[in-house]
Amino acid sequence: MGPKTSPIATSDFSYSISRNLVLGLLLLIALIIAASFSVIWLEGRPQLIAMSLDSQIKLGQNISLALEREMQEVRGVSRTIASSAAALPRDSIAKILTKTVPVMLQPEGATEIYAGGGVWPEPYEFDPALGRNSYFWAQNKAGQLEFLNDYNLPQGPGYHGEEWYVPSRILDQEVYWSKSYTDPYSLQPMVTCTAPMKREGKFIGVATVDLKLDGVAQILNEIINGLDAYAFVVDRNNRFIVFPILGFDVSRTQAYGGNNAFEYLDDLVRGYPTFKAILDGLNRMDASLFDDMSIQKPEYLNLVNRLEQGSYQIDQDEAERLVAHHWLNEKSVSVYDKPLQTFEIYDDLLLGGDSTGFIYQMSSTNWRIVTVFERKAYGAISDLVSQKLFGAILVSSVIFGILALIFLKVGVIDRITRMVGLLSEAAQVKGGKSLKLEYDKNDELGLLAYWFNYRTEQLENAIQTATKANRAKTDFLTAMSQELRTPINSIIGFNRRLIVKLGGDLEEQNYKTLVGVQRSAHHLLALIGDILEVSELEAGKVKLKFDWESTNMLLDDASSQMAGQIADANLNFEILPLKDDVRLYADRQKIIQVLLHLLANAVQATKDGSVTMKAELAELADHSAVAFSVTDTGTGLTQEEKHRIYRQFTQMDEHGGIEKGMGLGLYLIREISALHNGAVFFESSLGAGSTFKVLIPISVNLSKLDDDFGDLK
């Protein structure tokens, strides 16, 4: 039956709430947009335009100064060793240097960058009998300083013609930084800081400190960590000191060994042309430097010739470069007032967008530092603009958010709360008034209340109809089951007496007929029992009788009741009880009923082969259970059958000659297992048989279902 009232037209209701919400939301959005636009364009954009370039330059200067400060510490160590060695008396030089130099080469907190160093005197300066008399220590693989005498061996090339030695003798510099190289003994990539030793104004040798370039890379990465930028360092020959890959320390040994093509910036540009702007900037710096040197030509050529003739490792181009940088340092001009070169990179390979770069000259090392920043991320500038923007939007949002909240609360929330209260009050009164909403305004909430009441009335009528139909079905099944049991029991009793009295006088065919009648009657009686139990389950009338039962005895009872049916089917039957019996808290008859249904299904599905019934222990998340399983070698299940196997009155398809039942067995198995807080699951392959397993907790908590079985169903 439908509701007693008829629907009213939707047009009777106005949509004032929706209109007000939309207008309010549009107003709020417009105000937020206006505030954001004002802050960005009137406050943020002018500051960003004015400060972006200056911010980039300052960040680059800070990076350069921080690295320069680290190198100044190395410079100080080399000069300290040089001045100390020059002041020592000749008769105790060896003894004192052996004790002091290793200590000075291991300053606290700097073990990651120092690779070694030593004292290298001019021929016969420390000892009139020795032309080669160096005191050199290098770190071994264990990180310990180890004395090396290789440079003093007569058969070796010595050290007086090395590139890191000769410029200190010819050029009047406080320290000299060599080009990057791979140490022939430790095979580590490094550079050497050389300080000249002088006694009474006379050059008597040098003191050196060797730096590991991996340590320099680590220092630079720590400096730029957290910035939307990258930086790298090249020496005066554009040879990499630190490779330009964020978070990646290149093995210089590998690079110089030929396995990595990026030893020089030129190599990187050939592989990745996006870096050509950097190379062009460095080349412009060199061109400008050499142009400035043209006015110093006589003195310039003299120094170039002396350097070229003094070292087998310095050619004319390198000698000119050394003298040019020496001249630049003599000018004593600060190189941090501004970057020496600025360049633009479009679609930067490392930052993924357009970027701006700057090149700085390190005065002490003659290295060039390249810093590259993403244009759209300007660090401090972006933070400043973001803070202003956030503050303005926050204030605007709070003000207009409060206004919107008040509007929504008065216009919508209070009304809905009142409706929910009415509905909650009606729902909590059992057997009381119907669930109806009382609302007297013709707006959207009024329309919602009307259709809710309309639908509620429909559902109440449907529930009443369904309840009556279900009660009638249950009553019918119960009555029919009781009515059918009496004549069937009479048939069973009468047929049994015939078999007993006439069994010996009947022909074999007639005897088999009576036996078949007896079996069919028992089968029919069992089906009627299943139907009656389904009705009781649906009506909630099933009451379990829990007691402590022997697991193995349950297996024996079930197998004994099925022995005749299994024997008639001519199947191999095996029972695998628990090795150590376990007492199970369960309803004995219901568990046996579950096992009988499992065995009956297995026998029906198996024409030849075997059936195995087994019990085993299962440890779940917070309790133990007994797993009863029945395995057959029968026909198995199709995929479609697996999806509907637990439905009532579901029969399997006709494949392999399988016998059909009423389709209640597995439904009852699942419901009885659930009453024990148990679960059923199965594995089956078409043509290969099936295994059905029922898990029953050893001790049942009837107050709740155990979620541990959820994945098994």
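The values are calculated or read from the model by the stated rules, or taken from the named source; none is laboratory data. Note that the structure is predicted; figures quoted are calculated from it, not measured. Glycine gets a Cβ as well: all are built from the backbone with ideal geometry, and neighbour counts include every protein chain shown. Side chains are part of the model used for accessible areas, which takes the heavy atoms of the whole protein and leaves out ligands, DNA and RNA. Shrake-Rupley method; radii C 1.70, N 1.55, O 1.52, S 1.80 Å.
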Take the range 149-167 and flag every residue that is outside any loop (DSSP other than H, G, I, E, B), open to solvent by 10 Å² or more (accessible area, probe 1.4 Å) and of a type outside the set (Phe, Trp, Tyr). ASP150, ASN152
Checking SER703, SER673 in turn, the sole residue that is touching a strand residue (DSSP E or B) at 6+ places or on another chain (Cβ under 8 Å), at pLDDT below 85 and farther than 14 Å from ALA600 by Cβ turns out to be SER673
May I ask you to verify whether LEU105 is within 56 Å of the chain's Cα centre (by Cα), open to solvent by 30 Å² or more (accessible area, probe 1.4 Å) and under 19 Å from LEU211 (Cα atoms)? no
In the range 173-191, which residues are touching a residue at least 40 places away in the same chain (Cβ under 8 Å), of a type outside the set (A, V, I, L, M, F, W, C) and assigned to a loop (DSSP other than H, G, I, E, B)? GLN173, GLU174, LYS179, SER180, ASP183, TYR185, SER186, GLN188
Checked the range 597-644 for anything open to solvent by 40 Å² or more (accessible area, probe 1.4 Å) and in a helix (DSSP H, G or I); matches are ASN601, GLN639, GLU640, LYS642, HIS643
When the residues of the range 549-568 are narrowed to those that are surrounded by 15 or more Cβ atoms within 10 Å (Cβ to Cβ) and either of a type in the set (Gly, Ala, Ser) or in contact with a His (Cβ under 9 Å, 6 or more places away or on another chain) (or both), which ends up farthest from ILE696 (Cα to Cα)? SER559
Scan the range 218-236 for residues that are open to solvent by 10 Å² or more (accessible area, probe 1.4 Å) and either without any contact (Cβ under 8 Å) to a residue 60 or more places away in the chain or among the hydroxyl-bearing types (Ser, Thr, Tyr) (or both) and jot them down. ASN221, GLU222, ASN225, GLY226
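Conditions (1) more than 30 Å from MET419 (Cα to Cα); (2) at pLDDT below 70; (3) open to solvent by 50 Å² or more (accessible area, probe 1.4 Å), marked per residue:
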site: ASP443; (1), (2), (3): no, no, no
site: ALA449; (1), (2), (3): no, no, no
site: THR467; (1), (2), (3): no, no, yes
site: PRO487; (1), (2), (3): yes, no, yes
Could you grab the pairs with beta carbons closer than 6 Å, sequence gap of 6+ or different chains, first residue in the range 614-625 and acidic (Asp, Glu), second one open to solvent by less than 90 Å² (accessible area, probe 1.4 Å) and at pLDDT 85 or above? GLU616/ALA627
Would it be correct to say that GLU70 is touching a residue at least 24 places away in the same chain (Cβ under 8 Å), surrounded by 15 or more Cβ atoms within 10 Å (Cβ to Cβ) and assigned to a helix (DSSP H, G or I)? yes
LYS614 vs (1) more than 14 Å from THR631 (Cα to Cα); (2) among the charged types (D, E, K, R); (3) at pLDDT 85 or above: all pass except (1)
Considering only the range 569-583, state which residues are farther than 13 Å from LEU554 by Cβ and open to solvent by 50 Å² or more (accessible area, probe 1.4 Å). ASN570, ASN572, PHE573, GLU574, LEU576, LYS579, ASP580
Would you tally the residues in the range 254-278 being open to solvent by less than 60 Å² (accessible area, probe 1.4 Å), assigned to a loop (DSSP other than H, G, I, E, B) and at pLDDT 50 or above? 2
Residue in the range 204-214 that is closer than 18 Å to ARG90 by Cβ, in contact with a Lys or Arg (Cβ under 8 Å, 6 or more places away or on another chain), without any contact (Cβ under 8 Å) to a residue 24 or more places away in the chain and not in a loop (DSSP other than H, G, I, E, B) present: no
Of the listed residues (ARG583, ARG644), the one being of a type in the set (D, E, K, R) and at pLDDT below 80 is ARG644
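Hey, among LYS95, LYS141, which residue is out of contact with any Cys (no Cβ under 9 Å at 6 or more places or on another chain), over 21 Å from GLY201 (Cα atoms) and part of a helix (DSSP H, G or I)?
The conditions single out LYS95.
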Quick check on the range 356-398: of everything there that is open to solvent by 40 Å² or more (accessible area, probe 1.4 Å) and within 17 Å of ASN62 (Cα to Cα), which residue is modelled with the highest pLDDT? SER363
